[in-house]
Every structure is written in structure tokens, then in C-alpha cells.
Amino acid sequence: MTTTHCPQPETPEHNELHDMRSSGAARRALDYYLKEDMSAPVADGALFAIKPEITQEEALVHASDLLRSAAATAYESASNHQGNQRDLAFSVVYLIDMAKAMVERSLQAPQAQANG
């Protein structure tokens, strides 16, 4: 006598358990009780995260690069406008340039202290 294997329909409980297994809350709960800091921390909704091991100097260099890119974008926008829109865009360029100068000054301060 041969029997054919008919797959059993999945029960709602099985589907629910499967869905819970892939949820972030379930993973964090299991990690809390079974592991020691094995899961990556869940993002707090921030657009990006800064690596904890980055030095202050590296952060300032990166901020300077970001400001340079922002200034280029604002300058390009100013070039494509007329009147008040152009003036506003150029004021953004000026503000970005001031912030960039402050960041660059912060980068020079540690070097001056080390040399002096």
C-alpha cells in the first residue's frame, strides 16, 4: 500500500509564529535573554548614524567636506535664479562658507597646540 504525502495547510498559529520570529521586537527579546550584545542596535529613526569610534578630527574633516558640497549646490542654485531668489541662494552660500571656516579653524587649533 502506498500513501501519497499531502502537505497540510499551515495553521494560523504557525503563520503567526513565523511572522513573530522575524520581528525586531522578538529578536531583541531573544537577544536580551539568550545572547550578550549579539544584534546590531536598532536605528532610532535617524537618517544616518555616526560611527562611535570616529575621532573629533575625522568628524570635522567630514563636516568640512559636507559643507563644501552644500556650498557648491547652493552656488549652482544661485546661478540659476534671478532677483530675490538669487540673493537668498547666495546668502546660503555665505552662511555655509562661514560655517566651513569655523570647522577648518577647529581643525587647525589642535595642530597649533601640538606645534606650540
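Only one of the numbered conditions (1) open to solvent by 80 Å² or more (accessible area, probe 1.4 Å); (2) modelled with pLDDT of 70 or more; (3) outside any helix (DSSP H, G or I); (4) in contact with a helix residue (DSSP H, G or I) (Cβ under 8 Å, 6 or more places away or on another chain) is not met by residue 51, and that is (4). For residue 109, the criteria (1) at pLDDT 85 or above; (2) open to solvent by less than 70 Å² (accessible area, probe 1.4 Å) hold in every case but one, which is (1).
The values are calculated or read from the model by the stated rules, or taken from the named source; none is laboratory data. Since the structure is predicted, the reported quantities are computational estimates derived from the model, not experimental observations. Note that we place each Cβ from the backbone using ideal geometry, even for glycine, and neighbour counts take in every protein chain shown. Heavy atoms of the whole protein, side chains included, go into the accessibility calculation; ligands, DNA and RNA do not. Shrake-Rupley method; radii C 1.70, N 1.55, O 1.52, S 1.80 Å.
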